[in-house]
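Notes for the one structure printed next.
The values are calculated or read from the model by the stated rules, or taken from the named source; none is laboratory data. None of these values were measured; they are calculated from a predicted model. A quick note on method: Cβ atoms are made from the backbone with ideal geometry, for glycine too, and the neighbour counts reach across all protein chains shown. In case anyone asks, the SASA skips ligands and DNA or RNA and just uses the protein heavy atoms, side chains included. Shrake-Rupley method; radii C 1.70, N 1.55, O 1.52, S 1.80 Å.
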Amino acid sequence: MSELVTTVADYAQAEAVITAGADRLYLGEDEFGLRLPHSFQRAELNEIVELAHQNNVKVTVAVNAIFHNDRIAMVGEYLRFLAQIKVDEVSIGDPGAINILQREQLGLPYIYDAADLVTSSRQINFWGKHGATAAVLAHEVPYQEMVPLSKNVAIPVEITVYGAIVIHQSGRPLLQNYSNFVQEHLAQTDRQRGLFIATPHHEETHYSIYEDRNGTHIFANNDLDLLTDLPKLWALGLRRWKLDGLFADVTTFSQIVAVFAQARDLLLAGTATPEALAELDRQVHELQPAARGLDNGFFDLDPDEVK
Amino acid sequence: MLTAVKHPEVLAPAGTPEKLKVAIDYGADAVYIGGDAYGLRSRAGNFSFEEMRVGADYAHQHNAKVYVAANIVAHEQNLAGAGSFYRQVRDAGIDAVIVSDPSLIETAITEAPGLKVHLSTQASATNYETLNFWQHEGLERVVLAREVGIAEIKEMRQHTDVQIEAFVHGAMCIGYSGRCVLSNHLSLRDANRGGCAQNCRWKYDLFDIPDLGQKRELLGHGPDGKTEKFSMSAVDMAMIEHIPDLVEAGVDSLKIEGRMKTVHYVSTVANVYSTAVRQYCADPAHYQLDPAWVDELWKVAQRELSTGFYYGTPDEDFQLFGKRRRLSHYAFVGEVLAYDAVTKQVTVQQRNNFGIGDEIEFYGPNFAHHKQVVTDLFDDQDQAIERAPHAMQVVHFTCAQPVHPGDFVRAQAQHS
């Protein structure tokens, strides 16, 4: 079994990624979900669920925000709506939302997604015992740790194989606060503004930063690309792969999905040679937005290198 | 009319056995410490199990509690031995562990039965459903995320009876605690396993890319016209002026940050908050903030102070931008070993250089204070000296007002 999960920015892109080979769409609205390419209103969401189901593709809706009292109070009604339009799964990162999901008894499965916090098999199995049908692994877990982890987990694990990696979420409007202080750059601090920061003495670095309903978000220097590492994940049985198009070009993202789908098909057929994967990876690099670098993140890190 | 109200706990940090004793002597109802493993302050002086036992005994004799912070987010290789760790913590007489990672919570509950578990602020609990989830798991208490406001705590209190602990003083993460791996990515140090490099306090260059253009640096300028780079550095928190709000909202434990901080800091802050809470709870109707408490906190402040998220989303004044306000710097110069009421001689063990002509300040538990100028000074051979330059040097000098063993002495630093 394998599964390609991809984000969705609009209806046309949903059609395109389905054609490209996506098995599951991931989307939602900012009121409930984190760092989404588009905040879908309910009618739009319904249309995409119908489209997906017509094509035998599943839909996961993001309910993974860090909720305060005012917003947790709206989660029950939202989950009921999602169950009613036959969404296949929700993602949850706040245990309060799990409390509500189970109280409502909607029969709606959830994948646990708390960004950087999910780092061990025992934690994944903890959520499994609390009803999670899968869990999203933190990007900070290197391959060497995935090896024992993959043997110990009782539920499927989702690994991000392409896209922007969040490294910070603040409840404060950090860009707005800075703008207020300097009385400059005030106009826009959202994702479309395209702001990024560089670390001291490393002007070439590129950490995207924006603000939205959920606070301020900062992303890793390069986008993640595990295409040539897919055989290793495949061998471990970690085969639920997410592609995140948050910062990808809306049209080329579906082409990137198609490239990863080809890699998946090669692995499925047992014909994935290093050369073939290198060629596919070259295509990913070609499709990648010029201003955004690619690397394989923490994948090759020796766990002992991290202090 | 308000009568006496339930006294919430004042919870102080104790990086070492010495600080544990000091915090309790200075009024803390509970302290939190770190063990040799599973804690987030790898550089704080952590406690062995034997030191935990001694510390817990001391605390219990003084009607206080000791909690062990074991709040890392574990990776695969950190899991072995966790059960044994928690059992030894329990058997040392520790009152509760503060845990963030659900796998470690489960281990503590199932493998060390009887050990109470508190959810760490690292888990970012921000609503009552989350509090109820963890209570149902068997947790005694939840330490709230620092993003929660007073009004939100009041509302939580109406929906849950799990104990609520909230930070009232000290340094703050700029992001949701636990949801920040800047340190992992920028410094290869795991923020969630005790390695945080405080990258949020760096100065960053800010850029955009105009349509079809090259990247462009966005330079900002402060009110003084000087270049001001982008930063995410939070000022510290001080809720001393809002004790009634915290108590009335239903907070069970008022937490002071700072396991890495000095004895001077721990004694001063524990003293101020325990005095304020005690006075408020004894007679809420006539309670008044003593401006001396605020002054006292400024003496150990490392950054400017704010109320965090308690009264709204923090704006630019709650971050460190521009020219820093000049903070008064006080040095911890000694500890009182003895006082002779007949000769009016105080014997002091030196902690920092001081001498004749310096204005010094004695302070002790229950907010006892005495200021004076040093007019004479003698070493332990009764030889007259000008200054006490040696660490741990024992000296004596004239002090007109009685002070007590265990009282501390501070002086305004000459070069601040």
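Can you confirm whether A:ALA83 is among the hydrophobic types (A, V, I, L, M, F, W, C), more than 30 Å from B:THR313 (Cβ to Cβ), more than 13 Å from chain B (Cβ to nearest Cβ) and open to solvent by less than 10 Å² (accessible area, probe 1.4 Å)?
Numbers: among the hydrophobic types (A, V, I, L, M, F, W, C): yes; more than 30 Å from B:THR313 (Cβ to Cβ): yes; more than 13 Å from chain B (Cβ to nearest Cβ): yes; open to solvent by less than 10 Å² (accessible area, probe 1.4 Å): no.
So A:ALA83 does not fit the description; no.
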| field | From B:ASP380, B:ASP340, B:ASP358, B:ASP376, residue being over 19 Å from B:ASN271 (Cβ atoms) and surrounded by 15 or more Cβ atoms within 10 Å (Cβ to Cβ) | value | B:ASP358
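What strands (runs of 3 or more DSSP E), lying completely within region A:214-307, carry at least 3 residues that are modelled with pLDDT under 95? Show your work before the answer.
Working: elements: A:215-219, A:223-225, A:240-244.
Answer list for region A:214-307: none.
Just to verify a result, which residue in region A:86-100, among those that are in contact with a strand residue (DSSP E or B) (Cβ under 6 Å, 6 or more places away or on another chain) and more than 9 Å from chain B (Cβ to nearest Cβ), is farthest from A:THR60 (Cα to Cα)? Quick ask: steps written out before the conclusion?
Our first condition is that a residue be in contact with a strand residue (DSSP E or B) (Cβ under 6 Å, 6 or more places away or on another chain); within region A:86-100, this holds for A:87-92, A:97-98.
Then keep just the ones that are more than 9 Å from chain B (Cβ to nearest Cβ); that gives A:87-92.
Details: A:VAL87: 7, A:ASP88: 6, A:GLU89: 5, A:VAL90: 5, A:SER91: 7, A:ILE92: 10 Å.
Checking each candidate, the answer is A:ILE92.
Consider B:ILE174 carefully, then state whether it is within 11 Å of chain A (Cβ to nearest Cβ), open to solvent by less than 10 Å² (accessible area, probe 1.4 Å) and in contact (Cβ under 8 Å) with a residue 24 or more places away in the chain.
Numbers: within 11 Å of chain A (Cβ to nearest Cβ): yes; open to solvent by less than 10 Å² (accessible area, probe 1.4 Å): yes; in contact (Cβ under 8 Å) with a residue 24 or more places away in the chain: yes.
Judged against the criteria, B:ILE174 is a match.
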| Taking only pairs six or more apart or across chains, which ones have beta-carbon atoms under 9 Å, a first residue in region B:185-214 that is at the interface with chain A (Cβ under 9 Å from one of its Cβ atoms) and open to solvent by 60 Å² or more (accessible area, probe 1.4 Å), and a second residue that is assigned to a strand (DSSP E or B) and among the acidic types (Asp, Glu)? | B:LYS203/B:GLU228
| Complete set of residues in region A:248-282 that are within 21 Å of the chain's Cα centre (by Cα) and either within 14 Å of chain B (Cβ to nearest Cβ) or over 25 Å from A:LEU137 (Cβ atoms) (or both) | A:ASP249, A:VAL250, A:THR251, A:THR252, A:GLN255
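Right, B:PHE230: within 7 Å of chain A (Cβ to nearest Cβ), within 18 Å of A:GLY171 (Cα to Cα) and either surrounded by 14 or more Cβ atoms within 10 Å (Cβ to Cβ) or over 27 Å from the mean Cα position of the chain (by Cα) (or both) or not?
Numbers: within 7 Å of chain A (Cβ to nearest Cβ): yes; within 18 Å of A:GLY171 (Cα to Cα): yes; either surrounded by 14 or more Cβ atoms within 10 Å (Cβ to Cβ) or over 27 Å from the mean Cα position of the chain (by Cα) (or both): yes.
Considered against the rule, which asks whether it is within 7 Å of chain A (Cβ to nearest Cβ), within 18 Å of A:GLY171 (Cα to Cα) and either surrounded by 14 or more Cβ atoms within 10 Å (Cβ to Cβ) or over 27 Å from the mean Cα position of the chain (by Cα) (or both), B:PHE230 comes out as yes.
What strands (runs of 3 or more DSSP E) completely inside region B:346-404 contain at least 1 residues that are outside the structural domain of B:GLU335 (by TED's automatic domain parsing) and in contact (Cβ under 8 Å) with a residue 24 or more places away in the chain? Reasoning before the result, please.
Details: elements: B:359-364, B:368-373, B:394-398.
Ranges flagged: none.
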| request: Please work out if B:VAL89 is closer than 23 Å to A:LEU117 by Cα, touching a strand residue (DSSP E or B) at 6+ places or on another chain (Cβ under 7 Å) and in contact (Cβ under 8 Å) with a residue 12 or more places away in the chain. | output: no
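Residue-wise test of (1) of a type in the set (A, V, I, L, M); (2) more than 30 Å from A:ALA258 (Cα to Cα); (3) outside the structural domain of A:ARG240 (by TED's automatic domain parsing).
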site	(1), (2), (3)
A:PRO109	no, no, no
A:SER120	no, yes, no
A:LYS129	no, yes, no
A:ALA138	yes, no, no
A:MET146	yes, no, no
A:THR160	no, no, no
A:GLU184	no, yes, yes
| request: Scan region A:124-139 for residues that are more than 9 Å from chain B (Cβ to nearest Cβ) and either surrounded by fewer than 18 Cβ atoms within 10 Å (Cβ to Cβ) or acidic (Asp, Glu) (or both) and report the count. | output: 2
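Taking the condition within 8 Å of chain A (Cβ to nearest Cβ), out of contact with any Cys (no Cβ under 9 Å at 6 or more places or on another chain) and within 27 Å of B:GLN77 (Cα to Cα), does B:GLU147 pass? I'd like the intermediate steps shown before the answer.
Details: within 8 Å of chain A (Cβ to nearest Cβ): yes; out of contact with any Cys (no Cβ under 9 Å at 6 or more places or on another chain): yes; within 27 Å of B:GLN77 (Cα to Cα): no.
It is false that B:GLU147 is within 8 Å of chain A (Cβ to nearest Cβ), out of contact with any Cys (no Cβ under 9 Å at 6 or more places or on another chain) and within 27 Å of B:GLN77 (Cα to Cα).
Look at A:HIS185 and say whether it is at pLDDT below 95, at the interface with chain B (Cβ under 7 Å from one of its Cβ atoms), surrounded by fewer than 21 Cβ atoms within 10 Å (Cβ to Cβ) and over 30 Å from A:SER120 (Cα atoms).
Numbers: at pLDDT below 95: yes; at the interface with chain B (Cβ under 7 Å from one of its Cβ atoms): yes; surrounded by fewer than 21 Cβ atoms within 10 Å (Cβ to Cβ): yes; over 30 Å from A:SER120 (Cα atoms): yes.
Yes: the conditions hold for A:HIS185.
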| request: Could you run through region B:122-135 and say how many residues are more than 17 Å from A:PHE126 (Cα to Cα), more than 7 Å from every other protein chain (Cβ to nearest Cβ) and open to solvent by 10 Å² or more (accessible area, probe 1.4 Å)? | output: 1
| Since B:SER253 meets every condition but one in (1) surrounded by 18 or more Cβ atoms within 10 Å (Cβ to Cβ); (2) touching a Gly at 6+ places or on another chain (Cβ under 7 Å); (3) more than 30 Å from A:ALA291 (Cα to Cα), which condition does it not meet? | (2)
| request: Please verify whether region A:60-70 includes one or more residues that are over 18 Å from B:THR130 (Cβ atoms), charged (D, E, K, R) and at pLDDT 95 or above. | output: no
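Pick from B:VAL300, B:VAL336: which is closer than 22 Å to B:HIS264 by Cα and without any contact (Cβ under 8 Å) to a residue 60 or more places away in the chain? If you could, list the steps in order and put the result at the bottom.
On the way: B:VAL336 fails: without any contact (Cβ under 8 Å) to a residue 60 or more places away in the chain.
Every option except B:VAL300 fails the conditions.
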| task | State the number of residues belonging to region A:80-107 that are touching a residue at least 60 places away in the same chain (Cβ under 8 Å) and either under 26 Å from B:GLN135 (Cβ atoms) or of a type in the set (Phe, Trp, Tyr) (or both). | result | 1
| query | Can you pull out the helices (runs of 4 or more DSSP H) entirely within region A:83-182 that have at least 1 residues that are within 20 Å of the chain's Cα centre (by Cα) and not basic (Lys, Arg)? | reply | A:95-104, A:121-129, A:143-152
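From A:THR228, A:THR251, grab the single residue that is of a type in the set (S, T, N, Q), more than 22 Å from A:THR60 (Cα to Cα) and open to solvent by 60 Å² or more (accessible area, probe 1.4 Å).
Answer to the selection: A:THR228.
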